[in-house]
Amino acid sequence: MSISYKNQTLAIEKVFRDPVHNYVHVQHQVILDLINSKEVQRLRRIKQLGTASFTFHGAEHSRFSHSLGVYEISRRICDIFQRNYSIEKVGPSGWDDQERLVTLCAALLHDVGHGPYSHTFEHIFHTDHEAITVAIITSPETEVHQILNRVAEGFPEKVASVITKTYPNPQVVQMISSQIDADRMDYLLRDAYFTGTEYGTFDLTRILRVIRPYEGGIAFSMNGMHAVEDYIVSRYQMYVQVYFHASSRGMEVILAHLLNRAAECYTENDELFQHHSQLLLPFLRQDFSLEEYLKLDDGVLNTYFTQWTEESDLILSDLAKRFLNRKPLKSIRFTDDAQLPLIEDLKKLVEKVGFNPTYYTAINSSFDLPYDFYRPTSGMHRTQIELQEKDGTLTELSKASQLVAALAGQTQGDRRFYFPKEMIDPNLQNHYDLFEETYQAFATYIRNGALIKPSNF
Ligand code: NI
């Protein structure tokens, strides 16, 4: 009798060289087939960090490499669980290796629904990468679905339920999605590596030594506390220093305004993008199919942006140039709603100079919670990080670590007002006929309003 597809392993394991994990090891035929599917290969053409590469030029890595990385960390966790904490060894609170394939498939596919410049695109066109991930896994027309369906009837739905966190085994769900999961561990290390920042690094090898399953999910042995603590601090620093970088957000604002302007131009003239931006038409019409979604990637959008630089609409062509040539909006930080009227005044000055404030100013807020314990009163469900004593007792991380206690429940981030660089750069003034007094007024407003100045102001 031939071996079922589910249990088919490669005669010799296949490896993919990886700068973060050294090697990504593939043993199952199913995993290799998924990697080779067109939906997963598409992730090579989508940058993991979007506009952050305008600030950290090394950050050109793709969602494909991150997906392989999450797969590899999950594979290593499954190996450790099976070796040391299998149900055969420790009883029902241990790891059931029957869960391995569903875990690995979910790890590899967890981001398969991401599109180009994901967060900005989603915001403008009302797409949802998680819903699309589920659709790719469960729709009969995709290669991913056809591969998963060969494993067993209902297997694609099982994989999808890990993504939506409805899968019954909490160990599997928490490995892919929790406050310390394979996804976060990979992106922190990978983004730190490719941005060239040191903040995101932490001791993954040590974390994999102290990770363990229990009946409620995944815990870490108490003597591994400092490795987990270091991971939380890394996450905090990566958000503040990399993910919330003011210039990357200045580029994100340009991109959002550019896509909004394109939508606006399309509303006025639906012939406009027929000849050179056809793949975007279903999104401008707000009626797209999965097949149409899967045709988009960073290259497609960037090509359209190049074409838009030639368009007769001056705002569209100018924003396209600013995006392609990396001309971010500048920003000032503000902390208080009481400063909002001041920002309205600044917008009027921006308008006086000739910029349409709808497309050349923005308020951008970026906040994150590096860690929190479970609070029954908050609407958000969070799986807290548990440390396990030798006798099996669990202690929530911030109860054991003063460092984490200081960060727990503390939202990090800031709120900024974005405006054209021309408002504060005397060298650019003549070009835009900026009046001297408007420039002075802008500067005075910022000083007197106690807004926090950009560094080169
Ligand atoms: Ni991810």
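The values are calculated or read from the model by the stated rules, or taken from the named source; none is laboratory data. Because the structure is a prediction, the values reported are computed rather than measured. Quick reminder, even Gly has a Cβ in these numbers, built from the backbone with ideal geometry, and neighbours come from all protein chains shown. With ligands, DNA and RNA removed, areas are computed over all heavy atoms of the protein, side chains included. Shrake-Rupley method; radii C 1.70, N 1.55, O 1.52, S 1.80 Å.
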Practice task
State, as an integer percentage, the relative contact order of the chain based on alpha-carbon contacts under 8 Å between residues 6 or more apart.
Solution key: 14
Problem - the chain: radius of gyration and largest Cα-Cα distance (Dmax), Å - result: 24.5, 86
Handout entry: Backbone HN-Hα couplings from phi across segment 382-394 [Karplus 6.51/-1.76/1.60, Hz, Gly and Pro as x]
Key = 10, 8, 6, 8, 10, 9, 10, 6, 4, 7, x, 5, 10
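Sort the following peptides by mean Cβ neighbour count (other Cβ atoms within 10 Å, averaged over residues), highest first: 192-205, 252-265.
Values: 192-205: 17.6, 252-265: 22.2.
Highest mean packing first, the order is 252-265, 192-205.
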Exercise for the section: Relative to the longest principal axis of the C-alpha atoms of the chain, give the angle of the C-alpha long axis of helix 340-352, reported between 0 and 90° and rounded to the nearest 10°. Expected result: 60
Exercise for the section: Note down the net charge around Phe202, summing +1 for each Lys or Arg and -1 for each Asp or Glu among other residues with Cβ under 11 Å from its Cβ. Expected result: -1
Practice task
Quick one: of Lys321/Lys352; Lys6/Lys158; Lys47/Lys421, which pairs are farther than 20 Å apart, Cα to Cα?
Solution key: Lys321/Lys352; Lys47/Lys421
Fill in the blank from the handout: Non-local residues with an amide H under 5 Å from the amide H of Asp18, with H modelled 1.01 Å from N and Pro and chain starts lacking one, are Tyr23, Val24
Handout entry: Potential extension, His25-Thr9 segment - 0.36 nm per residue separation minus Cα distance
Key = 4.6 nm
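If DNA, RNA and ligands are ignored and the probe is 1.4 Å, what is the ranking of Lys89, Lys14 by accessible area, most exposed first?
Details: Lys89 130, Lys14 90 Å².
Ranked list, largest accessible area first: Lys89, Lys14.
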Problem - From phi via Karplus (6.51, -1.76, 1.60), per-residue ³J(HN,Hα) for segment 230-246 in Hz, x at Gly/Pro - result: 4, 4, 5, 5, 4, 4, 4, 5, 5, 5, 5, 8, 10, 5, 9, 4, 4
Problem - In degrees, nearest ten, helix 100-109 long axis to first principal axis of the chain (Cα) - result: 10
Fill in the blank from the handout: So the FRET efficiency between Ile87 and Ser365, C-beta based with R0 = 51 Å and rounded to 0.05, is 0.65
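For Thr309 and Arg44, compute 0.36 nm times the residue count separating them, minus their Cα-Cα distance, and round to one decimal in nm. The partial results should precede the final answer.
Values: separation 265, 0.36 × 265 = 95.40 nm, distance 2.62 nm.
Extending this stretch completely gives an extra 92.8 nm.
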Exercise for the section: Could you state the angle between the C-alpha long axis of helix 182-195 and the longest principal axis of the C-alpha atoms of the chain, as a value from 0 to 90 degrees rounded to the nearest 10? Expected result: 50
Practice task
Could you pull out every residue, at least 5 positions away or on a different chain, whose amide H is within less than 5 Å of the one on Gln179? Hs are placed 1.01 Å off N in the peptide plane, and Pro or chain starts have none.
Solution key: Thr383
Exercise for the section: At 1.4 Å probe size, with every protein chain present, just tell me what the per residue accessible area of segment 5-244 comes to in Å². Expected result: 39
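Run the numbers on segment 5-244 and let me know its relative contact order in percent, using alpha-carbon pairs under 8 Å that are six or more apart. Before the final figure, lay out each step's value.
On the way: 347 pairs, mean separation 45.8, N = 240.
Dividing the mean separation by the residue count of segment 5-244 yields 19 percent.
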Problem - Accessible area of segment 247-323 belonging to carbon and sulfur atoms, whole % at 1.4 Å probe - result: 46
Practice task
Sum -39500 (n - 2.57) across every DSSP H segment of at least 4 residues in the chain, then divide by the residue count to get the 222 nm mean residue ellipticity, nearest 500.
Solution key: -13500 deg cm²/dmol
Fill in the blank from the handout: Under the 7 Å Cα-to-Cβ spin-label approximation, Gln274 and Glu153 lie apart by a distance in nanometres of 4.9
Handout entry: Centre separation in Å (Cα based) which lies between segment 325-355 and segment 215-251
Key = 32
Exercise for the section: Could you list which residues have their amide H under 5 Å from that of Asp372, counting only those 5 or more apart in sequence or on another chain, with H placed in the peptide plane? Expected result: Gly409
Exercise for the section: Go through segment 6-23 residue by residue and turn each phi into a ³J(HN,Hα) via Karplus (6.51, -1.76, 1.60, θ = phi - 60°); whole Hz please, and just put x for glycine and proline. Expected result: 4, 9, 5, 10, 6, 4, 10, 4, 9, 10, 10, 5, 9, x, 8, 9, 6, 10
Handout entry: Label-point separation in nm, Glu130 to Glu143, each point 7 Å along Cα→Cβ
Key = 2.8
